[in-house]
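A.B. asks: I have a structure I would like to understand better, so I am pasting it below and will then ask my questions one at a time.
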Amino acid sequence: MSPGEARLMNTPPESTQQQSQPFSQRSTQAAYEPLVTENGWRIGGPDWRKPWPKGLVFLTWFGAGFSYHAPGTVGSLNALPMAIGIAYWGGSRALLLAALIPFLLGMFYVTRYLKNEPSDTDPKWIVVDEVVGLWIALAAVPLNFFWYLIGFGLFRFADIFKPWPVNWADQNVPGALGVMLDDVLAGLYAAGVLLGLQYLWTTYVA
């Protein structure tokens, strides 16, 4: 037996190594290698070696989650056109009701995904939670380029840097609710700041 064969026999399988590690360490190992196209483009997403998760198009918000870089920001940008349409036809408050649809469907499909991939606790390619959070934030302002730009920036700030209680939800709430809740709170955080800014604008500037 060669030394290489001996080392191979003494190395436990990858699944055994993962099972012997704490859950917090195992969860970070669910970042799979992206697909690389012939021209060198990298495509993020789930483990492409396995069958596609149910609701993949919805969870990635029509493919935005496949972005290898900053999928959350790309997903938020991809949610803007529909938000503008909803606010145009139904008013800003209609965004709150509309946000219930991706939230409930997100809970359903994320639950199904995590049942099959329990170690992938917060998949970055799932961006439907960003859609919910952004729509909640924009519900606080009128349909206006200036306010939408500020609302987008505030939501992304809260989602990325996670001030309390966003960080609490991200670290302590498990399962599909944890995936969705931190973005809901980030949206509420941004909405609160937007309401304050509107008050200051109308009181002291306008």
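A.B. asks: For segment 1-99, list the helices (runs of 4 or more DSSP H) that sit wholly inside it and hold at least 3 residues that are within 24 Å of Thr121 (Cβ to Cβ), at pLDDT 95 or above and touching a His at 6+ places or on another chain (Cβ under 9 Å); which are they? Before the answer, list the steps.
C.D. replies: Values: elements: 3-10, 14-19, 23-27, 56-59, 71-90.
It comes to none.
A.B. asks: For the subset of segment 103-153 comprising residues that are among the small types (Gly, Ala, Ser) and not in a helix (DSSP H, G or I), which member is modelled with the lowest pLDDT? First the steps, then the outcome.
C.D. replies: First, the residues of segment 103-153 that are among the small types (Gly, Ala, Ser): 106, 119, 133, 137, 139-140, 151, 153.
Imposing the further condition that a residue be not in a helix (DSSP H, G or I) reduces the set to 119, 139-140.
Working: Ser119: 75, Ala139: 97, Ala140: 96.
Ranking the candidates gives Ser119 first.
A.B. asks: Return yes or no: is Ala139 in contact with a helix residue (DSSP H, G or I) (Cβ under 8 Å, 6 or more places away or on another chain), free of Cβ contacts under 8 Å to residues at least 60 places away in the same chain and more than 24 Å from Ala83 (Cα to Cα)?
C.D. replies: So Ala139 does not fit the description; no.
A.B. asks: If you take the residues in segment 113-142 that are over 16 Å from the mean Cα position of the chain (by Cα) and within 20 Å of Trp52 (Cβ to Cβ), which one is surrounded by the fewest Cβ atoms within 10 Å (Cβ to Cβ)? Please lay out each step first, then the result.
C.D. replies: Restricting attention to segment 113-142, the residues satisfying the condition of being over 16 Å from the mean Cα position of the chain (by Cα) are 115-119, 138-142.
Narrowing further to those that are within 20 Å of Trp52 (Cβ to Cβ): 115-119.
Values: Lys115: 10, Asn116: 12, Glu117: 15, Pro118: 14, Ser119: 15.
For segment 113-142, the residue satisfying everything is Lys115.
A.B. asks: Of the residues Leu154, Leu188, Leu195, only one is in contact (Cβ under 8 Å) with a residue 40 or more places away in the chain and over 19 Å from Ser76 (Cα atoms); which? Talk me through it step by step, then tell me what you get.
C.D. replies: Working: Leu154 fails: over 19 Å from Ser76 (Cα atoms); Leu188 fails: over 19 Å from Ser76 (Cα atoms).
After ruling out the rest, the residue left standing is Leu195.
A.B. asks: Exactly one condition in (1) free of Cβ contacts under 8 Å to residues at least 60 places away in the same chain; (2) in contact with a helix residue (DSSP H, G or I) (Cβ under 6 Å, 6 or more places away or on another chain) is false for Met180; which is it?
C.D. replies: Just one mismatch for Met180, condition (1).
A.B. asks: Checking the structure you have, find out if any residue of segment 155-171 is basic (Lys, Arg), assigned to a loop (DSSP other than H, G, I, E, B) and within 15 Å of the chain's Cα centre (by Cα). Steps first, please.
C.D. replies: So in segment 155-171, the residues basic (Lys, Arg) come out as 156, 162.
Cutting the leftovers down to assigned to a loop (DSSP other than H, G, I, E, B) gives us 162.
Those still in the list that are within 15 Å of the chain's Cα centre (by Cα) too: 162.
Checking segment 155-171: at least one residue is basic (Lys, Arg), assigned to a loop (DSSP other than H, G, I, E, B) and within 15 Å of the chain's Cα centre (by Cα).
A.B. asks: Name the residues in segment 97-112 that are surrounded by fewer than 16 Cβ atoms within 10 Å (Cβ to Cβ) and either of a type in the set (A, V, I, L, M) or in contact with a Pro (Cβ under 6 Å, 6 or more places away or on another chain) (or both), would you? If you could, list the steps in order and put the result at the bottom.
C.D. replies: Our first condition is that a residue be surrounded by fewer than 16 Cβ atoms within 10 Å (Cβ to Cβ); within segment 97-112, this holds for 97, 100-101, 104-105, 108, 111-112.
Passing the criteria: Leu97, Leu100, Ile101, Leu104, Leu105.
The values are calculated or read from the model by the stated rules, or taken from the named source; none is laboratory data. Note that this is a predicted model, so its numbers are computed, not measured. Glycine gets a Cβ as well: all are built from the backbone with ideal geometry, and neighbour counts include every protein chain shown.
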